[in-house]
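See structure below.
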Amino acid sequence: MVRHKLLTLCALSGAALLALAGCGDAATARATWHGARPAAAQGRSGTGPVDNTPGRPGTKASPPSKPSPSAPGPSTPPASPSVSPSAATVENLRLAELKTGSNNVALTFDDGPSQYTPQILAVLRQYHVKATFCLIGVNVQKHHDYVQQIVADGHTLCNHSWKHDLHLGKKSPDAIRADLQATNDEIHRAVPDAKIAYFRAPGGNFTAQSVQIAAQLGMKPLGWNVDPDDWDMKKYPEGPAMTGHIEAVLRKRIHPGAIVLSHDGGGPRDGTVTAYKALLPDLTKRYTLVPMPTT
Ligand SMILES: [Zn+2]
């Protein structure tokens with residue numbers, strides 16, 4: 001699958017990529033075009049807080065591409081979500097909303113929809129939690145029914161680009177606009193009147209240009225400030241290691257106003273599902289969990 005190809009790419013690239021862009025370990029990241037990882041984030045294994053922590057370094061330098069909203073099928077380029085979150089600097093993320101604006105906490109789920117989306121939806125439903133789903137166009141194409149379920153359950157929608165091009169924000173305005181519009185169009189094929197209030201740049205690589213274009217399309221930039229690395233199966237292998245890591249990070253770092261990054265797509269997400277099953281009974285007692293507001 002795509003994920004494995006990308007992870008292999010990452011692994012094969014080894015130290016060079018780690019030095020330049022990182023392949024998942026924040027502490028090893030140096031700099032990419034996205035910039036250097038901020039000190040606060042680098043110290044996450046130490047004692048410092050990690051609020052406003054951006055995502056992990058990116059890996060894949062996606063070639064320029066055009067969205068292909070009207071060309072579903074075998075020729076549709078695959079999404080490359082599993083490397084998300086990518087290298088994003090504080091500067092990248094500062095272009096986006098990093099807090100809910102109240103004491104409420106927002107759970108956000110990226111890179112879907114996927115086969116794991118119904119499981120996430122089920123656990124959210126069980127605890128009466130509304131969240132925000134950042135959807136990838138090519139995945140929407142495959143799972144209109146899951147998008148419909150997300151909307152029916154009252155969650156907020158967010159455009160996460162057509163195929164998770166980590167370099168989208170550096171492309172031409174026309175290319176950015178086409179990508180975001182194609183994604184919105186595909187979501188609207190699933191749910192014609194769906195409100196898409198947010199845009200989350202792949203990897204958190206917001207640029208002034210992409211934020212401006214998203215605004216013209218009626219979308220606010222959505223960042224995050226708590227990140228449990230639930231995508232990083234190289235560092236936290238699937239199973240108890242991943243689940244335990246997610247639980248530990250979220251129990252410790254969720255705070256009033258937090259926007260929490262998690263993933264319901266982009267790779268095996270059993271760890272995320274299991275972690276939220278364990279976390280939500282407690283989180284729902286400690287915080288009011290809200291979808292990002294759409295007005
Ligand atoms: Zn993503």
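The values are calculated or read from the model by the stated rules, or taken from the named source; none is laboratory data. Since this is a predicted model, take the numbers as computed values, not measurements. In this analysis, Cβ positions are derived from the backbone assuming ideal geometry, glycine residues included, and neighbour counts consider all displayed protein chains. Accessible surface is based on the protein model in full, side chains and every heavy atom, while ligands, DNA and RNA are left aside. Shrake-Rupley method; radii C 1.70, N 1.55, O 1.52, S 1.80 Å.
Here are a few things to note about the model shown:
- Checking each residue in segment 279-295 for being closer than 21 Å to Tyr198 by Cβ and either open to solvent by 70 Å² or more (accessible area, probe 1.4 Å) or assigned to a helix (DSSP H, G or I) (or both) picks out Thr288, Thr295.
- Checked against (1) away from the ligand (no atom under 16 Å from the Cβ); (2) farther than 18 Å from Glu247 by Cα, Gln119 passes all but a single condition, namely (2).
Here is a yes/no grid of residues against (1) open to solvent by 50 Å² or more (accessible area, probe 1.4 Å); (2) touching a residue at least 12 places away in the same chain (Cβ under 8 Å); (3) in contact with a Pro (Cβ under 6 Å, 6 or more places away or on another chain):
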| residue | (1), (2), (3) |
| --- | --- |
| Glu97 | yes, yes, no |
| His128 | yes, yes, no |
| Phe133 | no, yes, no |
| Asn139 | no, yes, yes |
| Ile150 | no, yes, no |
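- Any hit, segment 204-211, residues being open to solvent by 30 Å² or more (accessible area, probe 1.4 Å) and polar (S, T, N, Q): yes
- Among the residues listed as Gly267, Gly244, the single one being modelled with pLDDT under 95 and either open to solvent by 10 Å² or more (accessible area, probe 1.4 Å) or farther than 18 Å from Ala122 by Cα (or both): Gly267
- The residue of segment 228-262 that is farthest from the ligand (Cβ to nearest atom), among those that are among the basic types (Lys, Arg) and in contact (Cβ under 8 Å) with a residue 12 or more places away in the chain, is Arg251.
- Residue match in segment 159-181 (condition: within 14 Å of Thr132 (Cα to Cα), crowded, with 24+ Cβ neighbours inside 10 Å and either of a type outside the set (D, E, K, R) or more than 15 Å from the ligand (Cβ to nearest atom) (or both)): yes
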